[in-house]
1. Take the residues in segment A:3-24 that are polar (S, T, N, Q) and touching a helix residue (DSSP H, G or I) at 6+ places or on another chain (Cβ under 7 Å), then tell me which one is farthest from A:K68 (Cα to Cα).
2. Do we have A:F366 as open to solvent by less than 20 Å² (accessible area, probe 1.4 Å) and within 14 Å of chain B (Cβ to nearest Cβ) here?
3. Being within 7 Å of another protein chain (Cβ to nearest Cβ), over 8 Å from the mean Cα position of the chain (by Cα) and part of a strand (DSSP E or B) is the filter here; which residues of segment B:36-72 pass it?
4. Name the single residue, out of those in segment A:44-56 being open to solvent by less than 20 Å² (accessible area, probe 1.4 Å) and in contact with an Asp or Glu (Cβ under 9 Å, 6 or more places away or on another chain), that is nearest to A:R102 (Cα to Cα).
5. Kindly indicate whether any position in segment A:20-36 is open to solvent by less than 30 Å² (accessible area, probe 1.4 Å), of a type in the set (F, W, Y) and modelled with pLDDT of 90 or more.
6. Restricting attention to segment A:70-92, does a residue exist that is out of contact with any Pro (no Cβ under 7 Å at 6 or more places or on another chain) and more than 23 Å from A:R172 (Cα to Cα)?
7. Could you tell me whether any residue of segment A:297-307 is without any contact (Cβ under 8 Å) to a residue 12 or more places away in the chain, within 14 Å of another protein chain (Cβ to nearest Cβ) and over 30 Å from A:V548 (Cβ atoms)?
8. Just to confirm my filter: which helices (runs of 4 or more DSSP H) fall fully inside segment A:409-516 and include at least 1 residues that are within 14 Å of chain B (Cβ to nearest Cβ)?
Amino acid sequence: MQQSLDIALIGNPNTGKSTIFNGLTGMKQKISNYPGVTVERKVGRMTIDGTEHRVIDLPGTYSLNHKKVDEKITYQTLIGEFEHERSPDLAMVILDASNLDRNLYLATQVMDLGIPMIVVLNMMDIAEDRGLGVDPERISETLGVPVVPVVGKRRKDIEKLRQAVAGHDLSRPEPLRWQSDDAMNSAIEMITEKWLESYTDLPPQSHPIEALRLISDNQLSDAFKNHPDRGKADEIVAEARKLIENNGGNPSADEVLARYNFIEQCTDGQEDESAGEDTLTDKIDAVVTHKVAGPVIFVGILMVMFQAIFSWAEPFMNMIDLIFVQAGNWLSTTLPPGMLNDLLVEGVVAGLGGVVIFLPQIMFLFLFISILEGTGYMARAAFVMDGVMTKIGLHGRSVVPLISGFACAIPGIMATRTIDNWRDRFITIMVLPWMACSARLPVYALMIAAFIPDQTLLGFFGLQGLTFFGLYFFGIVMAVLAAVLIKQFFPTGEQTPFMMELPSYKMPKWSDVFKNMFERGWVFVTQAGKIIIAISIVLWFLASFPEVEVPQDVQQAQTTTETSFNAQTSPESYKLKNSYAGMLGQAMEPVIAPLGFDWKIGIGLITSFAAREVVVGTLNTIYSVEGDGEVVTLQQKLINDVDPETGEPVFTTLTALSLMIFFALAMQCMSTLAIVKRETNTWKWPIVMFVYMTAFAYLCSLLTFQVGTALGYG
Amino acid sequence: MSSLLSERTDPGTSRIKDISGPEAVRLMEMGLTPGRKIEVVRTAPMGFPIEIKVRGYLLSLRESEAKCITVE
């Protein structure tokens with residue numbers, strides 16, 4: 001009978017780690033965020049000979065030196081410091097056999113921790129094709145741990161790994177076998193005894209690597225920044241560094257160099273010569289990273305992708321919409337009328353529909369992203385675009401998420417996961433909702449058709465079209481300005497490390513691609529979905545309560561044909577006006593009046609927090625437009641609406657402009673906030689996003705309306 | 001003749017002489033150790049980042065990172 005093990009998968013990025021994880025655990029996986037940080041945590045289960053083991057897929061990392069958050073999590077999980085989880089029973093270190101030197105570096109670090117381990121040489125087929133002469137036995141002898149050569153895509157090789165787990169005697173590797181320098185050894189001992197053992201509660205197996213990190217790091221590492229006795233640590237580390245220096249060594253470099261010297265004993269450093277030339281990758285790269293062809297190809301790919309999330313997803317979205325409308329209708333006629341009926345139909349079903357509607361866009365986008373990542377192209381796109389993007393404080397990898405934002409901010413924000421640097425990812429998330437998403441289109445369309453004159457400028461440019469373009473362009477400009485601004489708040493120098501590997505091209509494993517696609521959809525529905533449904537119910541409540549008696553004269557009134565507007569012409573309109581949402585809208589009027597908005601728009605602003613396009617439906621209700629989506633009628637009613645006191649029209653071209661600018665900038669999308677919460681793993685950032693975007697929207701609308709009025713365009 | 005990699009971005013091969021600066025440890029961890037052969041494969045449309053080949057794999061570096069590398 002075998003014991004149940006915790007097995008950690010560790011490896012560099014692009015080593016096929018997730019393919020092996022999927023192969024080992026199949027569908028038995030759970031995805032969540034690590035508490036307090038933005039790194040995703042994947043845990044799966046696999047059964048070997050009736051014993052169930054837990055497999056933890058740790059973030060891909062090049063080093064355990066934990067300068068980056070995902071390295072830190074990997075390291076802390078391995079030493080059993082993370083959230084009081086115990087250290088794994090077995091570490092499976094996955095190496096790219098076609099790129100051994102750099103991959104072995106991480107393996108030597110894991111060895112220092114003394115965790116029982118298996119080295120997996122993945123992509124052996126590629127290494128053999130390139131004639132690299134990888135020798136698993138020699139590596140196994142040098143490292144003193146079992147080494148399993150595999151091709152992770154092959155089912156029988158996954159079986160080999162399962163057997164290696166079953167057959168492992170859980171003996172610990174000899175740590176520090178690469179260490180030859182006496183001065184270095186004494187320095188490690190000194191720090192271990194005088195500092196780590198006496199002043200910290202770090203587990204003993206982490207002491208050697210912790211000591212090395214303190215030696216190579218000129219400043220005392222982050223972990224001890226707030227330590228009460230850090231002055232003491234400073235002294236000891238300085239002393240240890242001095243010891244190495246006096247011996248003619250370089251404390252910052254010696255550890256890394258010693259590890260590479262050790263590694264070269266396993267590999268002969270064979271890659272120096274022409275062996276291992278990857279001619280296919282060279283040929284493809286000559287085209288796709290070409291100075292002229294590269295950007296053109298990238299734009300082409302973006303256009304196809306954009307088309308997919310914008311147009312191809314639409315029939316699916318309409319279908320989902322139809323299904324939920326039908327379900328709502330069925331439910332409302334089947335259940336006895338009353339509050340429960342309303343809650344279920346207008347709160348729960350509508351909220352659920354509002355969640356599921358995003359799935360087509362999310363899945364289409366992630367189909368593309370998984371393919372682009374899986375083939376290795378994504379890194380090239382980032383390489384080509386990085387020059388432009390760093391100018392505005394972003395990363396080459398920010399382009400794909402930002403462009404996706406034109407269709408919908410939600411998949412765009414989820415796509416920022418491909419940016420591995422937190423600062424760049426954070427800024428991209430924060431400015432992304434200013435890309436004009438498709439939910440703004442119905443609002444723009446309604447307002448432009450009603451209030452922007454259908455004229456041409458210079459006999460060629462349609463004024464309405466120009467307004468459309470202007471609004472899109474305005475969003476981009478604001479996003480760029482915001483990116484530059486937010487960057488100022490980050491103290492970490494002018495640039496973050498880029499150092500991006502350009503992996504060899506390969507065919508993606510299609511089952512991994514589709515799995516990733518469904519996984520993203522599932523993460524959205526389960527993790528953002530509950531927030532969205534909760535807010536939907538609150539909004540439903542605001543718009544439906546308190547229940548009021550509709551007066552007799554309103555009940556009898558027919559659709560108005562008068563030109564002067566009377567807001568109380570239908571029972572629905574009357575109810576909405578007297579609901580909490582209506583009261584709020586009216587209470588808001590003094591605040592939004594300087595923007596040119598009246599209470600009716602106020603109600604629209606409240607309900608449009610569910611999603612921007614909802615404002616059209618709300619205005620339909622307020623203006624008692626018969627039937628849903630009668631945009632032409634609504635347009636006419638908006639144009640005809642006059643202020644009962646002054647007799648002036650409520651809407652002018654200027655009001656419409658002010659309103660569109662507000663919609664261009666304000667954060668009116670609970671689903672975006674819900675996904676930002678999920679992706680940043682805190683409520684802080686969605687709240688900041690809501691406040692700063694809405695404040696900017698207010699300011700810009702105010703400016704538009706007031707300056708416009710002063711210039712006599714009112 | 002040694003110079004900074006950031007000043008020698010024309011495609012071609014050279015040898016790493018020294019690594020210094022803020023990103024030194026990380027660059028060495030990625031396998032850019034003194035004595036290694038390093039090949040500039042190409043540059044991005046705006047001049048940076050550059051694509052280099054080291055220890056048999058491709059890595060892209062921004063200007064600030066290329067400045068940390070002295071080659072001969």
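The values are calculated or read from the model by the stated rules, or taken from the named source; none is laboratory data. Only a predicted model underlies this, so the values are computations on that prediction, with no experimental measurement involved. In this analysis, Cβ positions are derived from the backbone assuming ideal geometry, glycine residues included, and neighbour counts consider all displayed protein chains. Areas reflect the complete protein model, heavy atoms only, side chains present, ligands, DNA and RNA absent. Shrake-Rupley method; radii C 1.70, N 1.55, O 1.52, S 1.80 Å.
1. Among those residues, the one meeting the criterion is A:N22.
2. Working: open to solvent by less than 20 Å² (accessible area, probe 1.4 Å): yes; within 14 Å of chain B (Cβ to nearest Cβ): no.
In short, no.
3. B:K37, B:R42, B:E51, B:Y57, B:L58, B:L59, B:S60 - these are the residues of segment B:36-72 that are within 7 Å of another protein chain (Cβ to nearest Cβ), over 8 Å from the mean Cα position of the chain (by Cα) and part of a strand (DSSP E or B).
4. Keep residues of segment A:44-56 that are open to solvent by less than 20 Å² (accessible area, probe 1.4 Å), which gives A:44, A:46, A:48, A:51, A:53, A:55-56.
After this cut, where a residue has to be in contact with an Asp or Glu (Cβ under 9 Å, 6 or more places away or on another chain) as well, the list is A:44, A:46, A:53, A:55-56.
Details: A:G44: 27, A:M46: 29, A:H53: 29, A:V55: 24, A:I56: 23 Å.
Residue satisfying both the conditions and the ranking: A:I56.
5. Within segment A:20-36, one or more residues are open to solvent by less than 30 Å² (accessible area, probe 1.4 Å), of a type in the set (F, W, Y) and modelled with pLDDT of 90 or more.
6. No; the residues of segment A:70-92 include none that is out of contact with any Pro (no Cβ under 7 Å at 6 or more places or on another chain) and more than 23 Å from A:R172 (Cα to Cα).
7. Yes.
8. Numbers: elements: A:409-415, A:422-431, A:441-451, A:463-488.
Answer list for segment A:409-516: A:422-431.
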